[in-house]
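Here's the structure we're looking at; comments come further down.
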Amino acid sequence: MTVLEGGCACGAVRYRLKSGPMFVNCCHCSDCQRQVGSAFVINALIETDRIEQLSGELTSVAMPTDSGRPHLHYRCTACGTTLWSDYGDRKVMSFLRATTLDRRDALSPDVHIFTRSKLPWVILPPDVPAVEVYYDMEKLWPPESLARRRALLGEG
Ligand SMILES: [Zn+2]
Ligand SMILES: [Zn+2]
């Protein structure tokens, strides 16, 4: 695939992806809606070490969560754009904000999640899976992505 690069709004933070993501979630949950100030967020799930930060400085900001588990946003210290976040403070896996890529159309959602709080005027495409809350990764992720995730989290 072509090399994917992206950055924050002010241009201080630039990054390059060393590979494509494992999976792309489009999240319609109310937390994401508030955090990004929009209808949904597009998160590309990728190994943190496959995000090569080329420039700029990041700071992490903890978001409140229902689960009580940490959710850290990584933001440009200059402009505050969130580039990626880390659910559960696992370090090894990041949720990259897909529309911070230079080519904002490079990644499209593999699944729509938390559609129970989807805004009513957002019409989902019929050919992409959509779930009320979350989904079974074993059923939706391609085998090579599941293998990457297992390697990463040391499961199974
Ligand atoms: Zn910036
Ligand atoms: Zn969400």
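The values are calculated or read from the model by the stated rules, or taken from the named source; none is laboratory data. All values derive from a computational prediction rather than experimental measurement. All Cβ positions, glycine included, derive from the backbone under ideal geometry; neighbour counts span all protein chains shown. Surface accessibility is based on the protein's heavy atoms, side chains included, excluding ligands, DNA and RNA. Shrake-Rupley method; radii C 1.70, N 1.55, O 1.52, S 1.80 Å.
Whole percent per 10 Å bin, from 0 to the bin with the longest distance: what is P(r) over all C-alpha pairs of the stretch 92-145?
19, 46, 33, 2
Find how many whole Å separate the alpha carbon centroid of the stretch 43-78 from the alpha carbon centroid of the stretch 1-31.
Taking the Cα centre of the stretch 43-78 as reference, the centre of the stretch 1-31 is 11 Å away.
Could you grab the relative contact order for the chain? Cα pairs under 8 Å, six or more apart, rounded to a whole percent. Intermediate values should be presented prior to the final figure.
Values: 311 pairs, mean separation 38.7, N = 156.
Dividing the mean separation by the residue count of the chain yields 25 percent.
Toward the positive end of the charge dipole of the chain, about the Cα centre and with charges on Cβ (Lys, Arg +1; Asp, Glu -1), which of LEU58, VAL24, ALA39 goes farthest?
LEU58
With only Lys, Arg, Asp and Glu charged, each at its Cβ (+1 for the first two, -1 for the last two), find how big the charge dipole of the stretch 26-116 is about the Cα centre; round to the nearest 20 debye.
Numbers: 10 positive and 11 negative charges, 44 e Å.
Rounded to the nearest 20 debye, it is 200 debye.
With only Lys, Arg, Asp and Glu charged, each at its Cβ (+1 for the first two, -1 for the last two), find how big the charge dipole of the chain is about the Cα centre; round to the nearest 20 debye. Please list the in-between numbers first.
Working: 18 positive and 18 negative charges, 41 e Å.
Computed about the Cα centre, the dipole is about 200 debye.
Points 7 angstrom from Cα along the Cβ direction at ARG16 and VAL3: gap in nanometres?
0.3
Calculate the dipole size of the stretch 71-140 relative to its Cα centre from +1 charges on Lys and Arg beta carbons and -1 charges on Asp and Glu beta carbons; express the result in debye to the nearest 20. Before the final figure, lay out the partial values.
Working: 9 positive and 9 negative charges, 55 e Å.
Dipole size: approximately 260 debye.
Lysines near LYS18 by alpha-carbon distance under 24 Å, same-chain residues fewer than 8 away left out - which ones?
LYS91
Ignoring ligands, DNA and RNA, what percent of the accessible area of the chain is carbon or sulfur (1.4 Å)?
51
Calculate the FRET efficiency for ALA39 and LEU140 from the Cβ-Cβ distance with a Förster distance of 22 Å, rounded to the nearest 0.05. Before the final figure, lay out the partial values.
Details: r = 22 Å, r/R0 = 1.00.
Computed FRET efficiency for ALA39 and LEU140: 0.50.
If you build the convex hull over the alpha carbons only and average its shadow over all orientations, what do you get for the chain? Give it in nm² to one decimal. Intermediate values should be presented prior to the final figure.
Working: hull surface 37.6 nm².
For the Cα atoms of the chain, the hull's average projected area reads 9.4 nm².
How high is the relative contact order of the stretch 71-156? Use alpha-carbon pairs under 8 Å, at least six apart in sequence, and give a whole percent.
Working: 80 pairs, mean separation 15.1, N = 86.
Relative CO of the stretch 71-156 lands at 18 percent.
Calculate, in nm to one decimal, what ARG116 and GLN53 gain on full extension: separation in residues at 0.36 nm each, minus their alpha carbon distance.
Difference between extended and current length: 19.2 nm.
Considering only LEU119, LEU140, GLY154, whose Cα is most displaced toward the positive end of the charge dipole of the chain, charges sitting on Cβ of Lys, Arg (+1) and Asp, Glu (-1)?
LEU119
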